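The values are calculated or read from the model by the stated rules, or taken from the named source; none is laboratory data. Because the structure is a prediction, the values reported are computed rather than measured. Don't worry about glycine lacking a Cβ; one is built from the backbone with ideal geometry, like all the others, and counts go over all protein chains shown. All accessible areas refer to the heavy atoms of the entire protein, side chains included, with ligands and DNA or RNA removed. Shrake-Rupley method; radii C 1.70, N 1.55, O 1.52, S 1.80 Å.
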Amino acid sequence: MKIAIIGQQDFGKAVLEAFLARGDTVGAVFCAPEKEGAKPDPLRTAAQEKGLKVLQLPNLKGPEALQAMRDCNADIGIMAYVLQFAPQEFVNIPKHGTIQYHPSLLPKYRGPSSINWPISLGEKKTGLTIFRPNDGLDEGPVVLQKETEIGENDTIGTVYFDRLFPMGVKAMLEAADLVVAGKHKEVVQDESQATYEGWFRANESKINFHGHVSRVHDLIRAADPAPGAWTTLNGKKVQLFGSKKHLVRTFGAVKGKVGEITEITDASMRITCQGGQIEVAKVKGEETKKISPAEWAKGAGVAVGTILGS
């Protein structure tokens, strides 16, 4: 089949390479313009290295974008990690329309941080959706879905890179084949089950050790490796990674005050929360990279008994 790729970054590159590897033709690659000083977009550089037509347009709404899509004469449009708004006049140009990837089980977790939020809220499963883009945000009919479990100590890194990324590449191929062959079924999303969440950034990643240990654990996992869950010490930000939780089972078994560091080793550091303790494997101060708790504590002058959150 002949496709048009609309996307960016490593996921867009992987999807492009997967279609090319099986012999499909790429009419054009649409990438968002890179911001000044940003790293080169992996999709753009890969497409240019392969001699493909690359368009970096300020938006996909203007006549230039519409004409470029018409000139592709594509069988189907493939949206692989797209942050630009793509209007219906654009996505409906390919012979079989366009399909888009979203890393959640729509209609739940619409929005830009759809992997972080289910982890932070303690969900036990998530997944991906291939859907028909419309003028709403992640609201179009579903073509294909795949599920994956969220393990007790999974992070956004493990859920995405180990599962949703490779699963998503394969799902894009599968969905494209179904649509072009006319064998797919489109299911309208159930709006009564829909949720939308905005960006999961620094403000959403602040740790409250007075919250339950399970919530703290889920928050750290949802921000690992980025944006990095954080607390403070003497007014400076301290980020925590590699979380495990230890629940308290009996009255009086809680060790230390809320927010207190009760143990520091090369391998981990324990901090008291409501209902138990968090054990973290790596710490990052404002002036350091991710380092062992013992190394961080030595440099920061921290000892057992220090209370975080100050």
Open item on the list: Give the residue list of trypsin sites (Lys or Arg not before Pro) in the range 28-77 that are DSSP loop and have at most 16 other beta-carbon atoms within 10 angstrom.
Closed with: Lys35, Lys50, Lys53, Lys61
Task: Hull shadow area, averaged, the range 181-310 [alpha-carbon convex hull, nm²] - done: 12.1
- [ ] If a/c stays under 1.5 just call it rounded; otherwise compare a/b with b/c (prolate if a/b is bigger, oblate if not). Do that for the range 21-61, with a ≥ b ≥ c from the square roots of the Cα gyration tensor eigenvalues.
- [x] oblate
Task: Mean-position separation - Cα centroids, the range 271-310 and the range 123-202, in angstrom - done: 36
TODO: Roll a 1.4 angstrom probe over the protein heavy atoms and tell me the percent of accessible area of the range 13-97 that is carbon or sulfur.
DONE: 48
Task: Along the chain, longest interval not containing exposed chymotrypsin sites (Phe, Trp or Tyr not before Pro), exposed being DSSP loop plus at most 13 other Cβ atoms within 10 Å - done: 86-198
- [ ] Loop sites only, by DSSP: take the GluC sites (Glu not before Pro) in the chain that have at most 15 other C-beta atoms within 10 Å and name the longest stretch containing none of them.
- [x] 37-151
- [ ] Whole number please: convex hull volume per residue, Cα atoms of the range 121-196, in Å³.
- [x] 104
TODO: Compute the Kirkwood hydrodynamic radius of the range 73-152, taking the inverse of the mean of 1/r over all pairs of distinct Cα atoms, and give it in Å to one decimal.
DONE: 13.3
Open item on the list: Between Gln48 and Asn92, what's the calculated FRET efficiency when r is the beta-carbon distance and R0 is 41 Å? Round to 0.05.
Closed with: 0.90
Task: Quotient of C-alpha Rg and 2.2 N^0.38 Å, computed over the chain - done: 1.16
- [ ] Let me know the charge dipole size of the chain about its Cα centre in debye, to the nearest 20, where only the beta-carbon of Lys, Arg (+1) and Asp, Glu (-1) is charged.
- [x] 640
Open item on the list: Along the Cα→Cβ direction, 7 angstrom out, place labels at Glu152 and Glu191. What is the inter-label distance in nm?
Closed with: 4.2
Task: Heavy-atom accessible area per residue - the chain, 1.4 Å, Å² - done: 48
Open item on the list: With viscosity set to 1.306 mPa s at 10 °C, what whole-number translational diffusion coefficient in µm²/s follows for the range 17-134 from Stokes-Einstein and a Kirkwood radius over Cα pairs?
Closed with: 100
Task: Helix-only [θ]222 nm of the chain, DSSP H runs n ≥ 4, -39500 (n - 2.57) each, per residue, nearest 500 - done: -7000 deg cm²/dmol
Task: Set of aspartates and glutamates near Lys53 by C-alpha distance (under 16 Å), chain-local residues within fewer than 8 positions excluded - done: Glu17, Asp24, Asp41, Glu64, Asp71
TODO: Nearest 5 is fine: what % of DSSP beta bridges in the chain come out antiparallel, could you say?
DONE: 65
